1. Here are some pairs, Lys55/Lys125; Lys135/Lys180; Lys128/Lys180; Lys125/Lys180; Lys59/Lys160; which of them have Cα atoms lying more than 20 Å apart in this structure?
2. What is the stretch 32-183 by shape, rounded, prolate or oblate, if you read a ≥ b ≥ c off the alpha carbon gyration tensor as root eigenvalues and call it rounded for a/c under 1.5, prolate for a/b larger than b/c, and oblate otherwise?
3. Out of residues 5 or more away from Asp49 or on other chains, whose amide H comes under 5 Å of its own, with H placed 1.01 Å from N in the peptide plane?
4. Go through the stretch 128-141 residue by residue and turn each phi into a ³J(HN,Hα) via Karplus (6.51, -1.76, 1.60, θ = phi - 60°); whole Hz please, and just put x for glycine and proline.
5. With a ≥ b ≥ c the root eigenvalues of the C-alpha gyration tensor of the stretch 107-186, is it rounded (a/c under 1.5), prolate (a/b larger than b/c) or oblate?
Amino acid sequence: MKKTNLKFVALAAIATASLVSSCKKDDPVVTPMTMTLYDTLGGTTLVTDPSNTSKMVEKGRLAIRGVVDSSIFVIAADPAMAPYFPTLLGEVTAGNTTGFAALSDNFTTFVATATGAKNYTYTGKNMKDAHDPAKNPRMAQKSTAADFDIFVGDIVKGAKKNGVPDAIIGRLGTILNSVKGDVVQR
Ligand code: HEM
């Protein structure tokens with residue numbers, strides 16, 4: 001083999017060895033295909049919570065909380081939804097936002113974990129009990145399938161208000177619709 005060829009073979013061997021050593025079998029492969037909806041919404045990156053600057057919050061949770069809070073306002077203003085929420089609406093009208101804050105927190109955590117959040121734990125009622133007036137008197141009556149669809153439509157409006165792109169709203173809709181069987185009880 002000529003001297004120049006030998007040089008080439010040696011260089012190729014070094015290049016192959018460094019490629020093999022920098023790409024181990026167990027390295028996690030992160031591609032857009034493996035991203036959860038939570039990752040797409042900002043994921044676990046910690047940012048200052050704009051509503052409490054002494055706290056940090058994950059970007060994914062913050063995005064979901066924005067959608068949830070906007071949606072609660074859309075739902076509160078929707079006459080089709082009013083018969084379900086008399087307790088909450090009465091409290092807010094009287095200037096008491098405790099129930100609103102608790103709902104916002106629980107709803108946000110529920111959606112966050114359903115979209116892939118790992119660092120928050122949902123501690124509220126399961127979807128069947130939360131929407132059964134016998135188990136949750138804050139739910140004034142059982143939901144029909146038609147009102148479920150109106151509720152999801154209100155969340156879509158809340159998401160649009162927050163500038164969430166249509167493709168992401170579609171994925172969110174799929175997740176919300178997955179609990180329809182538990183929520184609709186009439
Ligand atoms: C789209 C799927 C839905 C999800 C993921 C969902 C989620 C939740 C969650 C997490 C809570 C709080 C439970 C707790 O604090 O223990 C809740 C409460 C409630 N939900 Fe739903 N819900 C859905 C659909 C609906 C629908 C369709 C209605 C009515 C038509 C409804 C009416 C209520 C009411 C009235 C409460 C009690 C609010 C309060 O605390 O005053 N939800 N829901």
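1. Going by Cα-Cα distance, Lys55/Lys125 fall outside the 20 Å limit.
2. Verdict is prolate for the stretch 32-183.
3. When sequence neighbours closer than 5 places are left aside, the close amide H contacts are Lys55, Met56, Val57.
4. Per residue, the Karplus-derived 3J(HN,Hα) values read 5, 5, 4, 10, 10, x, 6, 9, 9, x, 6, 8, 6, 8 Hz.
5. Oblate, since a/c reaches 1.5 and b/c is not below a/b.
Bear in mind these aren't lab numbers, they're just calculated from the coordinates by the rules spelled out. Not measured: the values here are computed from a predicted model.
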